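Data block below; observations after.
The values are calculated or read from the model by the stated rules, or taken from the named source; none is laboratory data. Predicted model only: the values in this text are computed from it and were never measured. All Cβ positions, glycine included, derive from the backbone under ideal geometry; neighbour counts span all protein chains shown. Ligands, DNA and RNA are stripped out before the accessible areas are found, and what is left, the full protein with its side chains, is counted by its heavy atoms. Shrake-Rupley method; radii C 1.70, N 1.55, O 1.52, S 1.80 Å.
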2 protein chains.
Amino acid sequence: MYNSSICSFMFSTNILQPRMVIARLSCTLKTHQNVRIGHCTKVPRNVNMEKLQHGYLFPEIERHELMHLEMYPHANVIDLGIGDTTQPLPTIVTSSMVDFVHGLSTATGYKGYGPEQGEKALRKAISVTFYKDLGIKPSEVFVSDGAQCDITRLQLLMGPNLKIAVQDPSFPAYIDSSVIIGQAGKFVDKAGKYKNIEYMTCGPQSDFFPDLPTISRTELIFFNSPNNPTGHAATRKQLEQLVDFAKVNGSIIIFDSAYSAYITDDSPKSIYEIPGAREVAIEVSSFSKFAGFTGVRLGWTVVPEELLYSNGFPVVHDFNRIMCTCFNGASNIAQAGGLACLSPEGLRAMQTLVDYYMENARILVDALTSLGLTVYGGKNAPYVWVHFPGSKSWNVFAEILEKTHIITVPGSGFGPGGEEYIRISAFGQRDSIIEASKRLKYLIYQEQN
Amino acid sequence: MYNSSICSFMFSTNILQPRMVIARLSCTLKTHQNVRIGHCTKVPRNVNMEKLQHGYLFPEIERHELMHLEMYPHANVIDLGIGDTTQPLPTIVTSSMVDFVHGLSTATGYKGYGPEQGEKALRKAISVTFYKDLGIKPSEVFVSDGAQCDITRLQLLMGPNLKIAVQDPSFPAYIDSSVIIGQAGKFVDKAGKYKNIEYMTCGPQSDFFPDLPTISRTELIFFNSPNNPTGHAATRKQLEQLVDFAKVNGSIIIFDSAYSAYITDDSPKSIYEIPGAREVAIEVSSFSKFAGFTGVRLGWTVVPEELLYSNGFPVVHDFNRIMCTCFNGASNIAQAGGLACLSPEGLRAMQTLVDYYMENARILVDALTSLGLTVYGGKNAPYVWVHFPGSKSWNVFAEILEKTHIITVPGSGFGPGGEEYIRISAFGQRDSIIEASKRLKYLIYQEQN
């Protein structure tokens, strides 16, 4: 959290309404209301799909960007919306993938199907690199094509008859995948929440941690640290409380550590740093933000052998079955790249990437704080979380876009707890970050005077 | 179908029982019966996962292979089990991926997240290459990490409240994903079938096509042509009947054309060759067997805009939502390779690969037919489907493995309709195929005399 006074700044009302934006957008896939005329099958639409409220957040943001570009074809749009990496991959990683690909055109180097759970060497390297001294075995590590995909596979594993809890605000895939699998219940418009989902408010008033005594027991608890979007990394004490809470309630934590490489203080980088977590937690993680693999696609999930269902059956057996049946292994080329990331030279190169984005975050935080805005994040995560008290976050998003040509993400896209906030990604090019800081300063200065 | 008389050949009873094999197998994940002692969460095991009968077929086969290698460490085991490609990728494909990977380490060539639905150029190339004159637009093509993964995503799309029909025998992922999503109902031991799944017998007596007037209406019909495991490509007339059947019943066909590149006669390569199919069918396909991308991972699914739910809502909108929420795009490196496969030079190279495997199939078919065995497949698909009347297919599998060190797949792994059969994959190296043919000939000659 950055030391800035509560800002009474308000945007003018001269803004683009998001609904108008969507209505004007030309795209091949039409909005939810559309039905077509023609042969109808007798297959009913999945009631779970009907319950989804909007398009998935990030494609929605992209649609806004495209529409803005249509209106302002010559604008120099700066995209600090979707947390998309921009820096080239280190050559140690690309050379390793190049060697592997060359091999694929030789009799000795060709590889077909690999193990669905990932190559042995990579599973081992992940366990050694990220879970040294935490007792995670390679056989408990499942390599995948990314954390978002694993979240859906974990929902498939768990099935529709469970309740989940999520941080509010949080990465929207937890809720959306829960709706798709059928756990979420009805959407209550007024609250902006699904009836059967427990929203754990994680705002600055409680140091971005849920007030656990007020939280209902659920079977699953999705917990993301460092949190996307707030950037808060849970402290050791907070995570100890969380593990205790799960143990007492017989819950399973699904801990998303996709941004753990960005932690700069002594906050735990893995839930397994907390004693007892092996009996209550699954960990999902990714090479996307750690190594710039957003397009290459590589992630992993850890399911400890000690994690048991109520009947004593180990969760890992069922997750293995899901990976073998619903997935066919991550691309072997991506896996070769992932292995190179985890070599000593690779790890040094990864740190350079992480440092670059964190310097971006510092620049953004400094610029916004200097204007008296209340700014969170940017210390243990490459996201900056900015408070605009009294404003609707979609309105703030739209005005920033209209007046500065900068794409951000409206906080309410991450849950009702994100209202009044916007998230700014620090994953840009340095010059874009500097230019964006200037534009934001200018806009806010104008609004304030 | 090959012209050979019904063979009365029977194996001796001196075989390895599959249960014994599994019991002796050392592996990190234990069998279903295991429960552990320790902290149990209060999360019940997903009832759908409990309904799955065995480990997924192909990992089970791999486990048998590993166990066999433990017992016979010096055996020259020939793997004609899992349909895994063995031939190097053409250099036009690998050079293209190498260029792309080199680009990833440059400021101009680096790419982060791509569209979840796949790169525009690849969607267009797929529509032009495979659906020329069939009216499939690029926006109806969704690029993925493979057909097996898309099958699960299609089940997520459709939800638990539907009934499916499958060919019997067929690729086991249709049934297993149906069980996981909760459509399948109880498993009835005696029949070897799930209660709520409609098994459409597709044996030689009906030219490998269901007797449609006897088939109950279901919402979804999984149909794989050329069929894995039988190798039968449905004729145009058969597919016309299938589309009619779906239209009358208001069903949706999920047509799996993963082996269509292997069709040598005038059987349709896509369901969209059949008039009216756009209103009733989704098509799933893959670069795995067409281009040797089993480990690289690339596939696609076509959802036509005209395909509507009973309320008129287009299926494609919901599938787009699934792809955006539960998937994050196929690896961009794999997509660069896929694009190269579809260039004129790439397509010629693909044909060479296909021809190689089909020559393997011919060698296997000739060897087995010469012994008087009844052999199907191998003409429009790289699978050979061999009948052993009166024998249990797991027993045949085990005896072939024990006596010839050749891995096959027991037909019953593909459903009760596969009993008495084994599937032999033609995706091997040529010298292995010739050697395997010799060993099989010798074994069968011995058994017959």
ask   = Dividing the Cα convex hull volume of region A:400-449 by residue count, how many Å³ per residue is that?
value = 77
ask   = How large is the helix-only mean residue ellipticity at 222 nm for the protein assembly as shown, computed as the sum of -39500 (n - 2.57) over DSSP H runs with n ≥ 4, divided by its residue count, in deg cm²/dmol to the nearest 500?
value = -12000 deg cm²/dmol
message = List the residues, sorted by chain then number, that are 5 or more residues from residue A:299 or on another chain and whose placed amide H is less than 5 Å from its amide H.
response = A:144, A:145, A:146, A:287
key: Position residue B:102, label points 7 Å along Cα→Cβ, spacing to each other copy in nm (shortest first, one decimal)   = 1.1
ask   = Against the longest alpha carbon principal axis of chain A, how many degrees, from 0 to 90 and to the nearest 10, is the axis of helix A:236-249 turned?
value = 70
ask   = Hey, rough spin-label estimate for residue A:402 and residue B:51, points 7 angstrom out along Cα→Cβ, what's it come to in nanometres?
value = 5.2
inquiry  = Report the Cα-based extents of the protein assembly as shown along its three principal axes, largest first, to the nearest Å.
reply    = 99, 58, 48
query = For label points placed 7 Å from Cα toward Cβ, what is the shortest-first list of nm distances from residue B:186 to its copies?
reply = 3.4
ask   = Measuring from a point 7 Å out along Cα→Cβ, what nm distances, shortest first, does residue B:73 have to its partners in the other copies?
value = 7.1
query = Using the alpha-carbon atoms, what tilt in degrees (0 to 90, nearest 10) does helix B:91-104 show relative to the longest principal axis of chain B?
reply = 50
message = Please list the three semi-axes, largest first and in whole Å, of the ellipsoid equivalent to region B:91-344, using sqrt of 5 times the eigenvalues of its alpha carbon gyration tensor.
response = 32, 19, 17
Span from the region A:229-266 Cα centroid across to the region B:216-258 one, whole angstrom = 48
query = Can you list the lysines whose alpha carbon sits under 22 Å from that of residue A:132, skipping same-chain ones fewer than 8 residues off?
reply = A:120, A:124, A:237, A:269, A:289
query = Any idea how far apart residue A:128 and residue B:310 come out in nm if each label point goes 7 Å out from Cα toward Cβ?
reply = 5.7
query = Where Lys and Arg each count +1 and Asp and Glu each count -1, what net charge lies around residue B:235 among other residues with Cβ under 12 Å from its Cβ?
reply = -3
query = Angle, helix B:120-131 long axis vs. longest principal axis of chain B, Cα atoms, 0 to 90°, nearest 10?
reply = 60
message = Could you identify which residue out of B:372, B:428, B:112 has the top mean-square fluctuation in a GNM of chain B using Cα springs shorter than 10 Å?
response = B:112
ask   = Straight-line reach from residue B:186: which lysines have a Cα under 30 Å away, not including same-chain ones fewer than 8 places off?
value = A:42, A:51, A:163, A:186, B:30, B:42, B:51, B:163, B:195, B:247, B:392
note = trypsin sites (Lys or Arg not before Pro) in region B:121-211 lying in a DSSP loop, each with at most 15 other Cβ atoms within 10 Å of its Cβ, come to B:132, B:186, B:190, B:195
key: Net charge, residue B:218 excluded, C-beta distance under 9 Å - Lys, Arg +1, Asp, Glu -1   = 0
remark   = Around residue B:163 (Cβ within 11 Å, Cβ-to-Cβ, excluding residue B:163; K/R +1, D/E -1) the net charge comes to 0
message = Can you tell me which of A:225, A:343, A:437 moves the most in a GNM of chain A? Springs connect C-alpha atoms under 10 Å apart.
response = A:343
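Given the Cα atoms of region B:114-194, and with Rh set as the inverse mean 1/r over their pairs in the Kirkwood sense, what is Rg to Rh to two decimals? Provide the component values of the computation, followed by the final result.
Details: Rg = 16.4 Å, Rh = 14.8 Å.
My calculation of the ratio gives 1.10.
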remark   = Excluding residues fewer than 8 positions from residue A:438 in its own chain, the aspartates and glutamates with Cα under 15 Å of it are A:79, A:366, A:447
key: Residue with peak Gaussian network fluctuation, chain A [Cα springs, cutoff 10 Å], from A:212, A:220, A:89   = A:212
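How much of the accessible area of chain B, probe 1.4 Å, is carbon plus sulfur, in whole percent?
Numbers: 8440 of 15870 Å².
That share works out to 53 percent.
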request  = Would you please state which residues of region B:428-449 a label at residue B:370 would reach in this model, taking the label point 7 Å out along Cα→Cβ and a backbone N cut-off of under 18 Å?
outcome  = B:430-449
key: Inter-label distance for residue B:36 and residue A:207, nm, one decimal - labels placed 7 Å from Cα along Cα-to-Cβ   = 3.2
query = Relative to the present Cα-Cα distance, how much length would full extension add between residue B:71 and residue B:351 at 0.36 nm per residue of separation?
reply = 96.9 nm
query = Roughly speaking, what is the stretch gain from residue A:214 to residue A:430, that is 0.36 nm per residue apart minus the C-alpha to C-alpha distance, in nm to one decimal?
reply = 73.5 nm
note = Under the rule rounded for a/c under 1.5, else prolate if a/b exceeds b/c, else oblate, using alpha carbon gyration tensor axes a ≥ b ≥ c, region B:181-294 is classed as prolate
note = Interface buried area B-A, accessible surface with 1.4 Å probe, both sides summed, nearest 100 Å², comes to 9100
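With a/c under 1.5 counting as rounded, go ahead and sort chain A into rounded, prolate or oblate using the C-alpha gyration tensor (a ≥ b ≥ c being the square roots of the eigenvalues; past the cut-off, prolate if a/b is larger than b/c, else oblate). Intermediate values should be presented prior to the final figure.
Details: a/c = 1.36, a/b = 1.26, b/c = 1.08.
Because its axes are fairly even, with a/c under 1.5, chain A counts as rounded.
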inquiry  = Once each part is reduced to its C-alpha centroid, what is the distance from region B:415-435 to region B:82-113 in angstrom?
reply    = 31
remark   = Note on region A:91-344, DSSP bridge orientation, antiparallel percent to nearest 5 equals 40
request  = For region B:269-330, just say rounded, prolate or oblate: build the C-alpha gyration tensor, square-root its eigenvalues into a ≥ b ≥ c, call rounded for a/c under 1.5, and beyond that prolate if a/b exceeds b/c, oblate if not.
outcome  = oblate
request  = For region B:261-266, take each phi angle, set θ = phi - 60°, evaluate the Karplus expression 6.51 cos²θ - 1.76 cosθ + 1.60, and give the result in whole Hz per residue in order, putting x for glycine and proline.
outcome  = 5, 8, 5, 10, 9, 8
